[in-house]
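Taking it in order: structure first as structure tokens, then the write-up.
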Amino acid sequence: MSSILPALVSEAVQVGRKTDQPRGTVAEWTVTILLLLFGTTTLVQAFVIPTGSMEDTLLIGDHLLVDKLSFAPAGSVSKRLLPYTEVKRGDIIVFRYPIDIRQTFVKRVIGVPGDRLRIEQKKVFLNGKLLKEPYKYHKTEYLDSYRDNFPSEPNMRLYDPADRMLKENVAERQVQDEVKGQVTVREIVVPNGHFFAMGDNRDSSLDSRYWGFVPRENIIGKPLIIYWSYDAPTDRLASPDIGLDHLMDLAQNFFSKTRWKRTLHLIRGYPTGI
């Protein structure tokens with residue numbers, strides 16, 4: 001969008017000069033551009049899936065439009081006019097990574113405030129009942145003592161444990177302390193204003209099992225639709241800048257690597273009914 005807008009402004013100015021139209025033409029273009037900017041920053045946001053943590057619901061290279069309005073805090077007047085909703089179990093959410101808010105994650109909400117959760121041999125129990133999860137995938141056969149039996153004693157660190165002053169290490173220790181504080185009788189209780197989120201690809205997902213709860217204020221919105229899906233590796237999609245290799249790949253393989261069947265595919269949550 002940012003590369004298109006300057007061209008639109010330039011084109012509008014040139015048209016005004018050639019036809020000697022009044023300044024109103026430029027003003028109309030300006031208003032249009034401002035509305036586009038408002039829509040793409042306030043109402044919806046583009047997002048690309050760089051990892052396989054949500055497979056097979058969302059694939060690496062899926063380009064999404066995220067609804068930023070539905071989960072926004074409702075005002076006294078706007079709540080009567082706009083379709084605000086509460087975050088529910090089974091919703092897919094896009095949010096700022098609690099340990100580093102510069103990063104954006106997408107996961108599925110498994111627990112809401114007050115819920116009791118535990119995982120036994122890859123099976124999730126919510127408030128004492130086995131959770132039905134037709135959306136989840138397990139792509140490894142072995143059991144991990146922490147990942148597949150949660151909560152338990154962590155058997156890994158996200159960051160270099162030797163550097164205790166590393167910002168991410170400090171944040172991770174704080175999160176682990178918070179999680180331990182919510183454990184009772186081999187279950188974890190989701191605190192007020194927070195959510196427990198997990199990837200659908202359970203064996204390859206960096207989620208609430210490792211870094212704790214998602215604060216309500218970190219939630220950006222929910223994905224609505226896959227507007228384009230392109231088969232590209234994680235290292236190209238995770239970079240904030242489009243590299244030359246990716247541009248060359250697009251030029252040579254746009255039609256063959258585009259997953260046309262996923263284009264305009266709607267994204268829906270799965271209510272648990274518990």
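The values are calculated or read from the model by the stated rules, or taken from the named source; none is laboratory data. Everything numeric in this text was worked out from a predicted model, so none of it was measured. Heads up, the Cβs are rebuilt from the backbone with ideal geometry, glycines too, and the neighbour counts pull from every protein chain shown.
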**Q.** Pairs with Cβ under 6 Å, 6+ apart, first in the range 238-262 and closer than 22 Å to Val106 by Cβ and of a type in the set (D, E, K, R), second modelled with pLDDT of 90 or more and surrounded by 10 or more Cβ atoms within 10 Å (Cβ to Cβ)
**A.** Lys257/Tyr230; Lys257/Asp231; Arg259/Ser229; Arg262/Ile226; Arg262/Ser229
Q | Contacts under 8 angstrom Cβ, first residue in the range 197-218 being without any contact (Cβ under 8 Å) to a residue 40 or more places away in the chain and in the same structural domain as Asp115 (by TED's automatic domain parsing), partner basic (Lys, Arg) and surrounded by 22 or more Cβ atoms within 10 Å (Cβ to Cβ), 6 or more apart | A | none
Q.
Can you report the number of residues in the range 216-255 which are buried (at least 18 other Cβ atoms within 10 Å of the Cβ), modelled with pLDDT under 90 and in contact with a Pro (Cβ under 8 Å, 6 or more places away or on another chain)?
A. 1
